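Beneath this line is the structure, given in structure tokens, with notes to follow.
The values are calculated or read from the model by the stated rules, or taken from the named source; none is laboratory data. Quick caveat, the model's predicted, so the values are computed rather than measured. Backbone-built Cβ (ideal geometry, glycine too); neighbour counts: all protein chains shown. Note: areas computed on protein heavy atoms with side chains; ligands, DNA, RNA excluded. Shrake-Rupley method; radii C 1.70, N 1.55, O 1.52, S 1.80 Å.
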Amino acid sequence: MPPSLTTALKRRASEIGFELVGVAPAVRAGTWENLDEWLARGFAGEMKYIERRREAYQHPEHVLPQVRSVVMLGLVYGGGGTSRTGLEGLNTPAHAGGSPRIARYALGTRDYHEVIREKLKQLADALHELQPGCQTRGVVDTAPLLERDFARLAGLGWFGKNTLLINKRIGSELFLAALLTDSELEPDQPHETQHCGTCTRCLDVCPTGAFPEPYVLDATKCISYLTIELRNAPIPEELRPGMGEWLFGCDECQTVCPWNHKAPATRVPEFQPDPSLAGRSLAEWLALTPEQFKQQLGATPLSRPGWQGIIRNACVVAGNSGEVSHLPALRVLAQHADPIVSAAAQWAIHQLDSERQT
């Protein structure tokens, strides 16, 4: 017998490079009420776009009107076991060069959105060949779709206590993507079990206490939110010490997760750590000009917070470092016309001066 449409499409997804592929029916999102409650508790912070599209998250028909099936896909970005980071000593707290820390997903040479969109285009083309006239739309975390819900429905994994999707074989260091289609595909069995047990490592390790309870994230306290999504605003002073050395994003709750310790390394060349990012010193970050920022980081995820955000973050890291050698650079930034940058630099100077006097 010839392979079914679903089998043929899954085979093509694997050939394209997706480590995970499953199919969910296009139904109402099971955790939409949780999203509604999460928004009501103010946990979205300044991410107003979520509230604006709140109703659209209820059903994937708001993304593709005639949708019948949601093909969920997973692509590994991790370095191959977070217990050893996979970065050969780069970008860890013990790195001798004094490099600030950057979330693993952002250490590559290209923005993951662009890389995954290209792969989704290949998969959509394959489906159009298999079923001419069908409708498709690819999604990479920019449309109002609760990807995590549909990944669980497609059998890809369960929700960890840190709110991330976890797969037994490849852990949680993966990107989720979706291909919506009006084709009727064979759905997979949902992942109905939990495999976190009594473990609370992810909750306990969070430097800023961003988990008010298991399975709930207060984004306004999350370092990833503070360093990336909080824009044109200062980072709350009470949360700055908890940022430690994190310049962009945070991996703490994934690094301690046992399911990540034997996870495979990424096979995508663009996701391989770029030493020029992982090994860049804090002094180099503090000296980065807007022109250099655009030229060097414009094609990477680090472009997201803008120059202002990256320099603000670098100032906070400098203030946490205890290294008075950063004072000259901070004094220059303290005179900058941008009030967010100058205020962050002034705070860092105060922190370092206070430590020097004790």
(message) From the convex hull of the Cα coordinates of the stretch 122-166, what is the mean projected area in square nanometres?
(response) 4.1 nm²
(request) With only Lys, Arg, Asp and Glu charged, each at its Cβ (+1 for the first two, -1 for the last two), find how big the charge dipole of the chain is about the Cα centre; round to the nearest 20 debye. (result) 340 debye
(message) Run the lone-cysteine check on the chain: no other Cys C-beta under 4.7 Å from the residue's C-beta.
(response) Cys134, Cys196, Cys199, Cys206, Cys222, Cys250, Cys257, Cys315
(message) Pick from Gly42, Gly22, Gly171 the residue whose mean-square fluctuation is largest in a GNM of the chain, springs joining Cα atoms under 10 Å.
(response) Gly42
(request) Run the accessible area of the chain with a 1.4 Å probe and give the carbon-and-sulfur part as a rounded percent. (result) 51 percent
(request) Kindly provide the pair-distance distribution of the chain built from C-alpha pairs, with 20 Å bins from 0 and whole-percent values in order of increasing distance. (result) 28, 56, 15, 1
(message) List the residue ranges in the chain for DSSP H helices whose C-alpha atoms run 20 angstrom or more along the long axis and whose Kyte-Doolittle average is 0.5 or above.
(response) none
(message) Looking at the calculated P(r) for the stretch 275-358, what percent of the C-alpha pair distances fall above 18 Å?
(response) 39 percent
(request) Extending each Cα 7 Å along its Cβ direction at Glu51 and Gln335, get the distance between those two points in nm, one decimal. (result) 4.0 nm
(request) Return the lysines within reach of Lys10: Cα separation strictly under 16 angstrom, same-chain partners fewer than 8 residues apart disregarded; answer none if there are no such residues. (result) Lys119, Lys121
(request) Could you work out the equivalent-ellipsoid semi-axes for the stretch 132-193, taking the square root of 5 times each eigenvalue of the Cα gyration tensor, largest first, in whole Å? (result) 23, 14, 9
(request) Please report, in debye to the nearest 20, how large the charge dipole of the stretch 191-240 is about its Cα centre when each Lys and Arg carries +1 at its beta carbon and each Asp and Glu carries -1 there. (result) 160 debye
(message) Percent of Cα-Cα pairs more than 23 Å apart in the stretch 207-358, please.
(response) 40 percent
(request) On a C-alpha basis, how far is the centre of the stretch 18-55 from the centre of the stretch 222-276 in Å? Whole number, if you could? (result) 21 Å
(message) I'd like the Kirkwood hydrodynamic radius of the stretch 132-237, using the inverse of the mean 1/r over distinct C-alpha pairs, in Å.
(response) 16.1 Å
(request) Would you check the accessible area of Ser276, probe 1.4 Å, heavy atoms only, in square angstrom rounded to 10? (result) 60 Å²
